[in-house]
Amino acid sequence: MTSDTMIELCIERPAVGGRMIARLDGRIVLVAGAIPGERILAAVERSRGGAVLARTIEILDGSRDRRPVVGAPECGGRSFAHITYRRQLELKSEIVRDAFRRIGRIHLSASLRVIPSPETGYRMRARLHVGDGRLGFFEEGSHRVCDVVGTGQLRPETERLVGLLGAHVGALISTGARTVELAEDLAGDQCVLHVVVQEGEHVKLVTTHDALRPLASIDGVTGLTVASGTDPRTRVVLAGTPYVSDPLTAFLGVSDSGAVGAPAGRHPAGSGTASLRRHAASFFQSNRYLVPALVEAVARLTERHEVVDLYAGVGLFAVSIAGRRGGPVTAVERDPSSAGDLVLNAAPLASAVRVVRASVETFLTRSAGLEGTAVIVDPPRVGLSRDVVSRLVRRRPERIVYVSCDVATQARDLRAFVESGYQIDQVQAFDMFPNTAHIETVVSLDRT
């Protein structure tokens, strides 16, 4: 089939990545913009492997779960925006179960409930790209820049801030800026911008002509920094405070309904004054509504164990767990930006948290054994390397808690753990990314 060939399809089920599965003459067709149960007319886009990619052109027999879409769904990766939210959660549950079965060979015996999120204003981190004379998100699957306004992922106040920031795109282009990282606190009272210029650009030259300083005058911006590439050693503070911060108490307990602020027992000394600060370049979970519930889930799964937090980031899990019930907690992080934040975040709980600034591979090589511990892994989207899986299994932790935003790579790694003598205990899912196909899953495994 050639590009733009029109085909009639009946949609069967969701696929990992946001498209829906249909079949035509024995071939798999992955369709954008459809819903299972619909009959549609689609246009062929291209072939990928043994599958055909297509996009919905006309709804011949529509689903009751279809709804109007505001803005371009390609902007912000909102591939589920045309689906009612209730059905989105059902589809995401189905995606997890299917990926675990096909990739991980893990059959979940019980239905999987996905913890919901408010659909709008949930993002407190965003990467804005400079391109085509504009500032915004990339359209899904491309490097075309699109307008964040109207996606609903940011708070209205933040959308206005980004709109004002776009008026300075000429200054950004003149300095060789590639991206602007935006980070907010839970409440949205703090907003830090971090401009990343081309590798090799001399940051001091950027600051001498003050081209970027006007960005700090935008209403709502509380800090502005710039760096060359990803090297934090070149980071320069242009204005304000370079970090956003939340009190640790915001992450120490949630009620059964997922609301922030429920007591979680007596907290150790130092937790009342501790905070989780992070630079915009440091990794942190994006959904302001569900992060406390996610921390609560991980804390409960590790509450009877000594904790080792691999890929600890700024300390979201490690520091929160230590603040909740004390130590010992070991936090391992290599990234210079995140590790720097982790050290400061752990300082008020120094008696409970040991920070190791090393790669996970290095830490596991040097570790004598992890018997009796609960190990938290929250790796990048690519999942765990074979080396990490094999070394972790040899260290024999009693429990592994695997947090992931990519169900396919997680299912692959879970299969390796199960084949190495671990068994699945619990699976939980959180809709950290409403209207997208992404889902955050927390899986606990116990050594048999």
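The values are calculated or read from the model by the stated rules, or taken from the named source; none is laboratory data. Owing to the predicted nature of the structure, the values given are computational and were not obtained by experimental measurement. Heads up, the Cβs are rebuilt from the backbone with ideal geometry, glycines too, and the neighbour counts pull from every protein chain shown.
Kindly evaluate H82 against the criterion of being under 26 Å from F433 (Cα atoms), modelled with pLDDT under 95 and over 21 Å from the mean Cα position of the chain (by Cα). In short, no.
Give me the residue from the stretch 44-75 that is in a loop (DSSP other than H, G, I, E, B) and acidic (D, E) and, out of that set, nearest to the chain's Cα centre (by Cα).
Of the stretch 44-75, the ones in a loop (DSSP other than H, G, I, E, B) are 49-50, 62-65, 67-74.
If we keep only those that are acidic (D, E) too, we end up with 65, 74.
On the way: D65: 26, E74: 18 Å.
This residue is E74.
So, of the residues in the stretch 351-363 that are assigned to a helix (DSSP H, G or I) and among the β-branched types (V, I, T), which turns out to be surrounded by the most Cβ atoms within 10 Å (Cβ to Cβ)? Let's see the steps before the verdict.
Let us first name the residues in the stretch 351-363 that are assigned to a helix (DSSP H, G or I), namely 360-363.
Filter again for among the β-branched types (V, I, T), leaving 360, 362.
Details: V360: 22, T362: 13.
Result: V360.
Taking the criterion of being basic (K, R) and under 23 Å from R412 (Cβ atoms), the residues of the stretch 1-48 that qualify are R13, R19, R48. Scanning the stretch 324-350 for residues being over 12 Å from G313 (Cα atoms), touching a helix residue (DSSP H, G or I) at 6+ places or on another chain (Cβ under 9 Å) and in a loop (DSSP other than H, G, I, E, B) gives a total of 3. The set of residues in the stretch 119-140 that are surrounded by 13 or more Cβ atoms within 10 Å (Cβ to Cβ) and not in a strand (DSSP E or B) comprises E119, T120, G121, Y122, M124, E140.
Could you check, for the stretch 380-389, whether at least one of its residues is over 23 Å from the mean Cα position of the chain (by Cα) and either surrounded by fewer than 17 Cβ atoms within 10 Å (Cβ to Cβ) or not in a loop (DSSP other than H, G, I, E, B) (or both)?
First, pick out the residues of the stretch 380-389 that are over 23 Å from the mean Cα position of the chain (by Cα): 387.
Going one step further and asking which of them are either surrounded by fewer than 17 Cβ atoms within 10 Å (Cβ to Cβ) or not in a loop (DSSP other than H, G, I, E, B) (or both), we end up with 387.
Within the stretch 380-389, one or more residues are over 23 Å from the mean Cα position of the chain (by Cα) and either surrounded by fewer than 17 Cβ atoms within 10 Å (Cβ to Cβ) or not in a loop (DSSP other than H, G, I, E, B) (or both).
So in the stretch 311-337, with the set limited to residues that are surrounded by fewer than 24 Cβ atoms within 10 Å (Cβ to Cβ) and under 23 Å from the mean Cα position of the chain (by Cα), which one is nearest to G372 (Cα to Cα)? Ranking the candidates gives T330 first.
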